[in-house]
C-alpha cells in the first residue's frame, strides 16, 4: 500500500487510535493533516464548532488543493442518562456525527480519484453498558451515516466505518480473563485499527463501500449465559 503524495485528514489525530493512523499514513508517504483539541503542531480546534471546521477545511485545500482520505476519528464524550445534560448530549452528537457529515460535505468537491472516507464507530453501536448514552448514540449515528454517505457518494468516494472493541491505546499487554474474554485471546491496540484504515483506503479494498467492520477480537460474537463456561452474572 503506497500512499505517496496522497492527502489524509484525521480528526482527533493527536493521541491514541488517531495518532497511530496518522503515523501509519506518514510511513507510507502520505501528507497528513490533523485536527485535535490538544495542543501541538497540528491544527488545534474543537470540531463541534462549525467555524472551526470551515477554517480547517479551507487551510487543507489551500495547502494541498485536494484530499484523498478523510478519517473521522475524534472521540465524543461518554455520559449517561443520569448525569448527561442536554448540552453535553448535543456536544457528543456534534463531535461524533455532525462534524463527520460537515467535513465530508466541505471536502466533497476536492476528493481525488480513489478517495475514501473512514468513520471510526465503536462496538457500542450494537451493544451497551449502563450510563453511556451520549457516546453510544454518537457511535450508532456515525455507523448509520456511513452507509447513507456511501450511497450518496457512489462513484466518487468510498465510505466505510470501523467499530473497535476494547483497544488499549497504551499498548498494554493483558493476561488472564481480561485477555481471554475476547475469542482472539488478547486486548486490541491502535495498530489493529490503523492497519484496517489503510487497507480500506487502498486499491485492494476497491469493491468495499458502505460497510462496517467490527474489530473487537470476536467479543460481540460470543454468546454469554449465566453459569456457562464459568461466566457468572453478579448484581
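The values are calculated or read from the model by the stated rules, or taken from the named source; none is laboratory data. On a predicted model such as this, the values are computed, not experimentally measured, just so you know. Neighbour counts run over all protein chains shown; Cβ positions are idealised from the backbone, glycine included.
Going through segment 190-235 one residue at a time, which ones are farther than 27 Å from residue 75 by Cβ and within 23 Å of the chain's Cα centre (by Cα)?
203, 204, 206, 207
Go through 134, 94 for me and flag whichever is assigned to a helix (DSSP H, G or I), buried (at least 16 other Cβ atoms within 10 Å of the Cβ) and out of contact with any helix residue (DSSP H, G or I) (no Cβ under 7 Å at 6 or more places or on another chain).
94
Please work out which residue is surrounded by the fewest Cβ atoms within 10 Å (Cβ to Cβ), limiting yourself to segment 101-115 and to residues that are out of contact with any helix residue (DSSP H, G or I) (no Cβ under 8 Å at 6 or more places or on another chain) and under 19 Å from residue 200 (Cα atoms).
The qualifying residue surrounded by the fewest Cβ atoms within 10 Å (Cβ to Cβ) is 113.
Any chance segment 23-34 includes a residue that's at pLDDT 95 or above, surrounded by fewer than 17 Cβ atoms within 10 Å (Cβ to Cβ), over 16 Å from the mean Cα position of the chain (by Cα) and assigned to a helix (DSSP H, G or I)?
Yes, that holds for at least one residue.
So for segment 116-129 (the condition being surrounded by fewer than 16 Cβ atoms within 10 Å (Cβ to Cβ) and either within 21 Å of residue 6 (Cα to Cα) or at pLDDT 95 or above (or both)), does at least one residue qualify?
Looking through segment 116-129, none of the residues is surrounded by fewer than 16 Cβ atoms within 10 Å (Cβ to Cβ) and either within 21 Å of residue 6 (Cα to Cα) or at pLDDT 95 or above (or both).
Those residues that are under 26 Å from residue 71 (Cβ atoms) and out of contact with any helix residue (DSSP H, G or I) (no Cβ under 8 Å at 6 or more places or on another chain), I need them from segment 212-235; list them, please.
Result: 217, 218, 221.
What number of residues in segment 50-70 are in a loop (DSSP other than H, G, I, E, B) and surrounded by 13 or more Cβ atoms within 10 Å (Cβ to Cβ)?
Of the residues in that region, 1 qualify.
May I ask you to list the residues in segment 183-222 that are out of contact with any strand residue (DSSP E or B) (no Cβ under 8 Å at 6 or more places or on another chain) and either surrounded by 15 or more Cβ atoms within 10 Å (Cβ to Cβ) or assigned to a helix (DSSP H, G or I) (or both)?
184, 186, 191, 194, 195, 198, 199, 202, 204, 219, 221
As an exercise: evaluate residue 169 against (1) farther than 30 Å from residue 109 by Cα; (2) assigned to a helix (DSSP H, G or I); (3) out of contact with any strand residue (DSSP E or B) (no Cβ under 7 Å at 6 or more places or on another chain) and give the number of the one condition it does not meet.
Of the numbered conditions (1) farther than 30 Å from residue 109 by Cα; (2) assigned to a helix (DSSP H, G or I); (3) out of contact with any strand residue (DSSP E or B) (no Cβ under 7 Å at 6 or more places or on another chain), the odd one out for residue 169 is (2).
Go through segment 141-157 and give me each residue that's touching a residue at least 12 places away in the same chain (Cβ under 8 Å) and outside any helix (DSSP H, G or I).
Scanning segment 141-157 gives 153, 154, 156, 157.
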